[in-house]
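Some notes on the structure that comes next.
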Amino acid sequence: MTDVKLYSGESIPLEMHKAKIIQKLNLVPIDHRLEAISEAGNNTFLLKNRDVFLDMLTDSGVNAMSDQQLSAMMIADDSYAGSETFYRMESKIQELFNKKFFLPAHQGRACENILCQVFVTPGSIVPMNYHFTTTKAHIVLNGGRVEEIFIDEALQVTSNNPFKGNMDIEKLEALIEQHGADKIPFVRLEAGTNLIGGQPHSLENMRQIRRVCDQAGLLLVLDASLLADNLHFIKTREEGCREKSIREITREISDLCDIMYFSARKLGCARGGGICTNNEEVYLKLRELVPLLEGFLTYGGMSVREMEAITVGLEETMDEDMVNQGPQFIDFMITELQKKEVPVVTPAGGLGCHIDASAFLPHLDRTEYPSGALASALYLVSGIRGMERGTMSEQREENGEETIAHMELLRLAMPRRVFTMSHIKYAVDRIAWLYQNRDLVGGLTFVEEPKILRFFFGKLATTSDWQTKLVAKFKEDFGESP
Ligand code: F0G
């Protein structure tokens, strides 16, 4: 993206790339969408892509790849052990992150599985700025628990704080003091904090966390899956960082942590993952599990073609035009939605546009899953697939009680370099229409509820015939238009 002044005075994000390969989209009629969402149990994860117009479920594994990435895939060295592809990837990781040891894994949660199996034991406490669903699940599975030590503003939907993903340093110190460092296998910092709306942490905050970890003798683990967005925000929002290059900021961040892991479905715009460190002892411990759970050390469950694409993708992440594309499109969408008074998370973060479902649907109880209901309703009126990021994404307590999520959000992810301005305008229009007709949207209730990560494949029913009424109103206002 670049800042170009338009003669009209209007400011729009301008893409610094062009489409070379396209995929045809379908916008099926609303009656078909009603059938599709009912069949999917009102869970957008269960929709078939053929019924989806704009897939804003996630930015994971669906970012557009560059011509350079595609061509690199052709030189992949397909061998079980000792592949040249691995050495190219390893040396890119060493160059960008200054980490000597690299372990490949098939995606982000696979890295979490390995880290948690090695470090987390019953009674462990893992402090972090905020949890991610898969991270928490792996910590809990190994008998540990998560302690979130976010700053107070993290959960305020609207705020001017540029770094809502920061850790509260005093609370971190108090937590270590209270439980003792022995109980803490590592401190985890998540770049571009996913579940609170893709909110970044600052470089300064990370320096402070490092100091606390050094004093207590603790390892600092960075989840760098959403590092690209975080790099953009550090460069544009943090005092003293405007003059630094993305490469320099990346290096400073990686030098501050002991272990860095990432989902390359996000970072690097392909499909895979990995863990890197300079700590040989840590490396040797983690290494044992890679062939057991993932694959041999030179592919770790990834296709070598994807590995080549990641290597190029990581290098491309050092390009400002690349890392600012997502955040600037998201910022544009948030600004347009605000003009229409739709409640959104501010400041605009990375990953996607986050709508505050509790403010959008204040008449719904949190146990009726407002974010899930909003995701279902938005698909119905637009063919846009978003993701519930609220109470439905939490796990029920052992006693059957709901865990009410801190924030009740509908996430509309913005895969990098995928959508056009007219797609965004269409999305804004349909969301604004739905907001005008929000009273028609009712709640959901589980009919099939898995125990772990229930949001992935649980099924829900509507608590009334609200969808039929919403469809009728849609037809009244839009006629034959899909
Ligand atoms: N950490 C963060 C911050 C993530 O956002 C994700 C995935 C993971 C770890 C796990 O990585 O999917 O490669 O196993 N986030 C996806 C999302 C699922 O849609 O936000 P993975």
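The values are calculated or read from the model by the stated rules, or taken from the named source; none is laboratory data. Owing to the predicted nature of the structure, the values given are computational and were not obtained by experimental measurement. When we count neighbours, we look across all protein chains shown, and the Cβ atoms used for this are built from the backbone with ideal geometry, even at glycine.
General observations
- Top-ranked residue in the range 376-399 [being within 16 Å of the ligand (Cβ to nearest atom) and small (G, A, S); ranked as surrounded by the most Cβ atoms within 10 Å (Cβ to Cβ)]: G386
- Residue match in the range 95-109 (condition: among the hydrophobic types (A, V, I, L, M, F, W, C) and either free of Cβ contacts under 8 Å to residues at least 60 places away in the same chain or over 24 Å from A270 (Cα atoms) (or both)): no
- F119 passes every criterion in (1) away from the ligand (no atom under 15 Å from the Cβ); (2) closer than 19 Å to L218 by Cβ; (3) in contact with a helix residue (DSSP H, G or I) (Cβ under 7 Å, 6 or more places away or on another chain) apart from (3).
- Conditions (1) at pLDDT 95 or above; (2) not assigned by TED's automatic domain parsing to the domain that holds A264; number of the one not met by P13: (1)
- Inside the range 122-138, residues that are more than 12 Å from the ligand (Cβ to nearest atom) and outside any loop (DSSP other than H, G, I, E, B) make up a count of 3.
- T445 closer than 20 Å to V381 by Cα and either part of a loop (DSSP other than H, G, I, E, B) or assigned by TED's automatic domain parsing to the domain that holds A36 (or both): no
- Evaluated against (1) within 16 Å of R305 (Cα to Cα); (2) within 22 Å of the chain's Cα centre (by Cα), M74 falls short on exactly one condition, (2).
- When residues of the range 37-64 are limited to those that are part of a helix (DSSP H, G or I) and touching a residue at least 24 places away in the same chain (Cβ under 8 Å), the one nearest to the ligand (Cβ to nearest atom): F45
- The residues in the range 95-112 that are within 16 Å of the ligand (Cβ to nearest atom), part of a helix (DSSP H, G or I) and in contact with an Asp or Glu (Cβ under 9 Å, 6 or more places away or on another chain) can be counted, and the count is 4.
- The test for being assigned to a strand (DSSP E or B), at pLDDT 95 or above and either of a type in the set (D, E, K, R) or closer than 29 Å to S124 by Cα (or both) holds for L222.
- Residue in the range 177-184 that is surrounded by fewer than 23 Cβ atoms within 10 Å (Cβ to Cβ), within 23 Å of C241 (Cα to Cα) and more than 16 Å from the ligand (Cβ to nearest atom) present: no
- So I21, is it surrounded by fewer than 16 Cβ atoms within 10 Å (Cβ to Cβ), in the same structural domain as G313 (by TED's automatic domain parsing) and not acidic (D, E): no
- Residue check, E153 farther than 17 Å from V212 by Cβ, surrounded by fewer than 21 Cβ atoms within 10 Å (Cβ to Cβ), in the same structural domain as C116 (by TED's automatic domain parsing) and free of Cβ contacts under 8 Å to residues at least 60 places away in the same chain: yes
- Test result for R145, free of Cβ contacts under 8 Å to residues at least 24 places away in the same chain, within 29 Å of A264 (Cβ to Cβ) and not assigned by TED's automatic domain parsing to the domain that holds L412: yes
- For the range 297-307, the criterion of being out of contact with any strand residue (DSSP E or B) (no Cβ under 9 Å at 6 or more places or on another chain), surrounded by fewer than 21 Cβ atoms within 10 Å (Cβ to Cβ) and part of a loop (DSSP other than H, G, I, E, B) is satisfied by at least one residue.
- Any pair with Cβ under 9 angstrom, 6 or more apart, that starts in the range 270-281 at a residue that is closer than 16 Å to K100 by Cα and without any contact (Cβ under 8 Å) to a residue 24 or more places away in the chain and ends at one that is among the aromatic types (F, W, Y) and in a helix (DSSP H, G or I): none
- Count of the range 209-248 residues, restricted to those that are free of Cβ contacts under 8 Å to residues at least 40 places away in the same chain and among the charged types (D, E, K, R), is 7.
- Residue that is surrounded by 24 or more Cβ atoms within 10 Å (Cβ to Cβ), over 24 Å from R265 (Cβ atoms) and away from the ligand (no atom under 16 Å from the Cβ), where the choices are A373, A359: A373
- Selection count where residues are under 22 Å from Y283 (Cβ atoms) and of a type outside the set (G, A, S), scope the range 210-235: 10
- Those residues of the range 237-280 which are closer than 22 Å to D331 by Cβ and within 14 Å of the ligand (Cβ to nearest atom), in sequence order: K266, L267, C269
- Hits in the range 159-184 - residues which are in a loop (DSSP other than H, G, I, E, B) and closer than 28 Å to R396 by Cα: K164, G165, N166, D168, I184
- Restricting the range 210-236 to residues that are buried (at least 24 other Cβ atoms within 10 Å of the Cβ) and of a type in the set (V, I, T) leaves a set whose member that is nearest to the ligand (Cβ to nearest atom) is V221.
- Taken as a whole, the structure places G313 among residues that are of a type in the set (G, A, S) and not assigned by TED's automatic domain parsing to the domain that holds Y426.
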